[in-house]
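**Student:** Mind looking over this structure? Questions follow.
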Amino acid sequence: MSLLQERASRERLLAAAAATAAACRACVIGSERRNNVYGEGDPCARLMVVGEGPGETEDLLGRPFVGRAGQLLDKMLAAIDLAREDVYICNTVKCRPTSPGPRGPKNRAPELEEMANCRPFLDQQIDIVRPSVIAALGAPAAKSFLGRDFQITKMRGRWNEGPLGIPLIATFHPAYVLRQTGGELDAVKRLVWADLKAIRTRLDEIAAAGGALAPDAPEQASLFAE
Ligand code: URA
């Protein structure tokens, strides 16, 4: 099968899986959300990014990571020479988790039961895309793969065995980075940059070992712009 045929076949599989996910009402949030946010990107991506769950903008547009955090994610990816379109982006849950707020529903982290209900959809995405590397963004996403005891501040930036034996690394969520200021912001950015470089290196190593074609590695180790 040519790469084009492979991509088309995976696109069809993902579209069918997305339709099934959109019909799911296993959680209350399935009936509250505006759009199911299944995921998007290259079905043959070497990197899969998994966030925690859709926020307001994602819910509105039906696309993952398109709000402020998404804009920072795009910059983080660009810092290691990856275009958003070359990556597959999704979340642990496909519906926006909300709790009541004074000015309408506000975002909250997904509950364990919601992540468990949605897990078959995530596993199916991983199985179809078969990325070389998975990056979990933030503690909820990391915990969903690595267990409740995972601590993002202590355990980010390390390689773990993810689903299907795929190398998995956790780093800070871009929304967390955006909440930092001053010295904390500089410190977090440095850690995220180290994690991004680790991802780049791992992708290049896998490609060099015959895993996949790698675009050129970035020549400048500059911190991604805010
Ligand atoms: N935060 C997430 O975890 N996922 C999104 O899609 C957007 C923001």
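Quick note: the coordinates plus some simple rules give every number you see, no bench work behind them. Remember, it's a predicted structure, so these values are computed and weren't measured experimentally. Heads up, the Cβs are rebuilt from the backbone with ideal geometry, glycines too, and the neighbour counts pull from every protein chain shown.
**Student:** Modelled label-to-label distance, Leu61 and Asp127, 7 Å Cα→beta-carbon offset: nm?
**Tutor:** 3.0
**Student:** Could you give the alpha-carbon Rg of region 50-114 over 2.2 N^0.38 Å, rounded to two decimals?
**Tutor:** The value comes to 1.20.
**Student:** If you take every residue apart from Glu205 with its C-beta less than 13 Å away from the C-beta of Glu205, what net charge results, scoring Lys and Arg +1 and Asp and Glu -1?
**Tutor:** +3
**Student:** Would you mind computing, in nm to one decimal, how far apart the modelled labels at Ser2 and Ala78 are, each placed 7 Å from Cα along Cα→Cβ?
**Tutor:** Placing both labels 7 Å along Cα→Cβ, they lie 3.2 nm apart.
**Student:** Can you tell me the order of 189-196, 168-175 when each peptide is scored by its average per-residue count of other Cβ atoms within 10 angstrom, highest first?
**Tutor:** Packing order, densest peptide first, comes out as 168-175, 189-196.
**Student:** Report the per residue volume, in Å³, of the convex hull enclosing the C-alpha atoms of region 1-139.
**Tutor:** Working: hull volume 14.7 nm³, N = 139.
With only Cα atoms used, region 1-139 gives 106 Å³ per residue.
**Student:** Please tell me the relative contact order of the chain in percent, rounded to the nearest whole number, where contacts are Cα pairs under 8 Å and at least six residues apart.
**Tutor:** Computed over the chain, the figure is 21 percent.
**Student:** Can you give the charge dipole size of the chain about its Cα centre, rounded to the nearest 20 debye, using +1 on the beta carbon of Lys and Arg and -1 on the beta carbon of Asp and Glu?
**Tutor:** The dipole of the chain has a size of about 540 debye.
**Student:** Considering the alpha-carbon set of region 16-77 alone, what are its Rg and its Dmax in angstrom?
**Tutor:** For region 16-77, the Cα radius of gyration and maximum Cα-Cα distance read 12.4, 34 Å.
**Student:** Compute the separation of the alpha-carbon centres of region 138-187 and region 25-61 and state it in Å as a whole number.
**Tutor:** Answer, in whole Å: 19.
**Student:** Also, quick follow-up: So what's the net charge close to Ala175: Lys and Arg +1, Asp and Glu -1, counting the other residues with Cβ under 11 Å from its Cβ? Walk me through the intermediate numbers first.
**Tutor:** On the way: positive: Arg68, Arg179; negative: Glu52.
So the environment of Ala175 carries a net charge of +1.
**Student:** Another question, if that's okay. Which order results if Tyr38, Tyr176, Tyr88 are arranged by neighbouring Cβ count within 10 Å, fewest first?
**Tutor:** So the ranking, lowest neighbour count to highest, is Tyr176, Tyr38, Tyr88.
**Student:** What nm distance separates the two modelled labels at Glu32 and Ala194, each placed 7 Å from Cα along Cα→Cβ?
**Tutor:** Roughly 3.7 nm, to one decimal.
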